[in-house]
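Each remark here refers to the structure printed beneath this line.
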Amino acid sequence: MGARSGRDARGPLAGLLIAALVSLACAGGGLAEPEGERPAPDASQAAPGANTTRADSTTSVAEFKQDVADAQAIAERYWAAQFKASGQRFQPVRRITPYQRAGEVSCGGQPLPRNNAVYCSQGDFIAYDVAWSVGAFRQVGDAFVFYLLGHEYAHGIQVRLGINYSFTIQQELQADCMAGAYLGDSVRSGALTLAEGDLDEFREGLAAVGDDPDQPWFAEGSHGTAEQRTDSFFRGYERSLEACDLG
């Protein structure tokens, strides 16, 4: 997956998003709990190395860092364009912070665990376990990085739109849809180019972060099964933000 600099990431205008932006004030606070991504079982155990790397030329930490930077830049351009289309001012997520040890970064007084990525609404930042993320990047592929950051960035957009569901799974599946819309619209606009196998990497990554099929959907922290998450992501990817129930 490659990023093209200097291109507008604006996708097709989504009427539901515009209505939500006009009618809802941007929220400055949010939940005390971090909105986290469920780790991939295999990737969380992986030690970076050639024997766990997909043959797509995405192996080095430098390439991982560049993908994170590209994903952040494209997400910021994409959401800035959506807000501008509705006459609203967009405020990017304050920072994206890698961490190496459990408890090194906290959200609302709660230390963040290993093998995770989260959006913290109290501090308005995204944090990720760098060892886990690089392991997943090497096992699944570079497309996983763009999905992962897009999902967490979507939580920041939910806060800005004042969206708050009763059940965690509703917010998580909506964030998957929004991540799909950001990526699909960016591909259609030319801000991103898909390499061979990138769509399979999205599917593989979503399968890895799905809940156990026996987990109750209403349980706190539920993100959705692999099938639910894949359906939500590709609904947004194919149909843009209109599919994400933002109205």
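The values are calculated or read from the model by the stated rules, or taken from the named source; none is laboratory data. Keep in mind that what you see is a predicted model, and the values were worked out from it rather than measured. So basically every Cβ, Gly included, is an ideal-geometry build from the backbone, and we count neighbours across all protein chains shown.
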(message) Here's a check for you: in the stretch 216-244, which residue that is surrounded by fewer than 16 Cβ atoms within 10 Å (Cβ to Cβ) and modelled with pLDDT under 95 is nearest to Glu172 (Cα to Cα)?
(response) Gly221
(request) Taking Ala195 as the residue in question, decide whether it is free of Cβ contacts under 8 Å to residues at least 40 places away in the same chain and within 16 Å of Phe144 (Cβ to Cβ). (result) no
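For residues that are among the polar types (S, T, N, Q) and surrounded by 14 or more Cβ atoms within 10 Å (Cβ to Cβ), scanning just the stretch 99-119, find the one that is nearest to Ala154 (Cα to Cα). Give the derivation first.
Step one: of the stretch 99-119, the residues among the polar types (S, T, N, Q) are 100, 106, 110, 115-116.
Pick out the ones that are also surrounded by 14 or more Cβ atoms within 10 Å (Cβ to Cβ) and you get 106, 110, 115-116.
Working: Ser106: 20, Gln110: 21, Asn115: 20, Asn116: 16 Å.
Among those that are among the polar types (S, T, N, Q) and surrounded by 14 or more Cβ atoms within 10 Å (Cβ to Cβ), it is Asn116.
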(request) Hey, can you tell me all the residues within the stretch 210-246 that are closer than 19 Å to Gly184 by Cβ and in contact (Cβ under 8 Å) with a residue 60 or more places away in the chain? (result) Phe233, Gly236, Ser240, Leu241, Glu242, Ala243, Cys244, Asp245, Leu246
(message) Need the failing condition index for Ile96 against (1) under 22 Å from Gly210 (Cα atoms); (2) out of contact with any Pro (no Cβ under 8 Å at 6 or more places or on another chain); (3) surrounded by fewer than 24 Cβ atoms within 10 Å (Cβ to Cβ), just the number.
(response) (1)
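Do we have Ala85 as within 21 Å of the chain's Cα centre (by Cα) and among the hydrophobic types (A, V, I, L, M, F, W, C) here?
no
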(request) Just give me the residues in the stretch 73-109 being in contact with a helix residue (DSSP H, G or I) (Cβ under 7 Å, 6 or more places away or on another chain) and among the β-branched types (Val, Ile, Thr), in sequence order. (result) Ile74, Val93, Ile96
(message) List the helices (runs of 4 or more DSSP H) inside the stretch 114-228, counting only whole elements, that have at least 2 residues being more than 27 Å from Thr59 (Cβ to Cβ).
(response) 142-161, 168-189
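Just to be sure, is Glu201 closer than 21 Å to Phe83 by Cβ and acidic (Asp, Glu)? Give the steps one after another, and end with the answer.
Numbers: closer than 21 Å to Phe83 by Cβ: no; acidic (Asp, Glu): yes.
Against the criterion (closer than 21 Å to Phe83 by Cβ and acidic (Asp, Glu)), Glu201 does not qualify.
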(message) Can you go through Gly180, Gly205, Gly184, Gly210 and tell me which one is farther than 22 Å from Gln88 by Cα and in contact with a Cys (Cβ under 9 Å, 6 or more places away or on another chain)?
(response) Gly180
(message) Report every pair of residues separated by at least 6 positions or lying on different chains whose Cβ atoms are under 7 Å apart, first residue within the stretch 138-164 and farther than 14 Å from Val118 by Cβ, second among the β-branched types (Val, Ile, Thr) and modelled with pLDDT under 95.
(response) Arg138/Thr52; Arg138/Thr53; Arg138/Thr59; Gln139/Thr52; Gly141/Thr58; Asp142/Thr58
(request) Pairs only if they're at least six apart or on different chains, beta carbon under 7 angstrom, first in the stretch 58-73 and in contact (Cβ under 8 Å) with a residue 60 or more places away in the chain and more than 17 Å from Tyr153 (Cα to Cα), second of a type in the set (D, E, K, R) and assigned to a helix (DSSP H, G or I); list them, first residue then second. (result) Thr58/Asp142; Thr59/Arg138
(request) Mind counting the residues in the stretch 92-151 that are basic (Lys, Arg) and under 15 Å from the mean Cα position of the chain (by Cα)? (result) 1
